[in-house]
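Report on one structure; see the data block that follows.
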Amino acid sequence: MPSLRTLRRKPRVAFVLSGGGNLGAIQVGMLRALWEREVQADVVLGCSVGALNGAAYAADPTGYGLSQLERVWRSARSPDVMPSSRIPSALQLVRRGESLYPSSGLRSSIESFLGGRATFEELRLPFQCVATDVDRAVEHWFTEGPLIEPIMASAALPSVYPMVHIGDRRFVDGGVVDNVPLARAVELGAKQIYVLHVGLHGKPHATVRRPLDAALMAYWIGRNHRFARDLAALPRNVKVVVLPPGDRPGLRHDDFSQTDELLEQGYRGALNHLDELARAEADEPGLAERLRRDAFKSAEWWRVLERRRASRVESGIAEEQEDDEDDPGDDLDDAALSEAASDGAESAG
């Protein structure tokens, strides 16, 4: 349930920060662009690395706070976040034990991000993060009380970090069930939602050579499928701006060597997109809507939607309404979404 702090009034503007591991630096650049264009959040929602960035932003949503967050990212090193092991990588996957890395590096990183803050109540903006309840197989939202353990739970990528125990429950990465928590923002009443998504990251190789490849592919498809469904189900009175993440760099999950480039990539892409939207709103509102849809077109399911529409036209089936094109979700049934997820596994990245 939303905390009393966020229920006092419905938030109008929400920032939604996705998971994305070391690509999370892109989100920090996006936050810088939003701050420069004076876009302020009433509530911040995060998953996995988006929970780290979101909590840090909610703690100090100012230019100084963003400078501190950028500094933390620039100082991040793989051995600090993911302590190395003497066991070869191939053997780590089959050895006994819950995870490849201990959680100590993750905890230290979170503490650096938070700058000494230890509870939700110490943050300047309402903040919530999502984790996956292992035993109940549902998403769980943390909204108040101690802060570090919930963020650890939200970022506990299965097999990479151990499960996080809070009370009598066990939690893993929120991306398992809700990698881009868009629906939560709608549930809280937000009418303007800015999505800071780092893109279709983490795509396994499309060719399945081992059972592990198939398992990773299924996890990747399920994680990205949820975002497509939530976009399709948006109420018409809710506006969503999906900030463009730019091209996906070829980085290993533990490579932090391109942080400066990722910060700049997120910043420039978001700044240009926000400026285009502002100009379009002033000159031609219809153009602004088309620009918003351009961000949706980067999602793999949009290609499926276009193919299905073309097929209907060829079959002599007219479009039902002119304004259907303004709401891509109208034509997105489960078959289309499943097809899109499969296509994404083959071509995204």
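The values are calculated or read from the model by the stated rules, or taken from the named source; none is laboratory data. Nothing here was measured: the structure is a model prediction, and the numbers come from that model. Please note: Cβ atoms are built from the backbone with ideal geometry, for glycine as well, and neighbour counts cover all protein chains shown. When the accessible area is computed, the model is the full protein with side chains, heavy atoms only, and any ligands, DNA or RNA have been set aside. Shrake-Rupley method; radii C 1.70, N 1.55, O 1.52, S 1.80 Å.
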Unmet criterion (only one of (1) at pLDDT below 95; (2) in contact with a strand residue (DSSP E or B) (Cβ under 9 Å, 6 or more places away or on another chain); (3) open to solvent by 20 Å² or more (accessible area, probe 1.4 Å)) for residue 175: (3)
The stretch 123-142: number of residues that are hydroxyl-bearing (Ser, Thr, Tyr) and open to solvent by 20 Å² or more (accessible area, probe 1.4 Å): 0
Given (1) within 20 Å of residue 15 (Cα to Cα); (2) touching a helix residue (DSSP H, G or I) at 6+ places or on another chain (Cβ under 8 Å); (3) open to solvent by less than 10 Å² (accessible area, probe 1.4 Å), number of the condition residue 183 does not satisfy: (3)
Residue selected from the stretch 235-249 under the condition closer than 12 Å to residue 186 by Cβ and open to solvent by 30 Å² or more (accessible area, probe 1.4 Å), by the criterion nearest to the chain's Cα centre (by Cα): 239
Residue tally, condition open to solvent by 20 Å² or more (accessible area, probe 1.4 Å) and in contact with a strand residue (DSSP E or B) (Cβ under 6 Å, 6 or more places away or on another chain), over the stretch 147-168: 4
Near pairs, Cβ below 8 angstrom, 6+ apart or cross-chain, from the stretch 243-265 (on the phi < 0 side of the Ramachandran plot) to any residue that is assigned to a helix (DSSP H, G or I) and among the hydroxyl-bearing types (Ser, Thr, Tyr): 254/78; 255/78; 256/78
Residue tally, condition in a helix (DSSP H, G or I) and either at pLDDT below 95 or polar (S, T, N, Q) (or both), over the stretch 115-155: 1
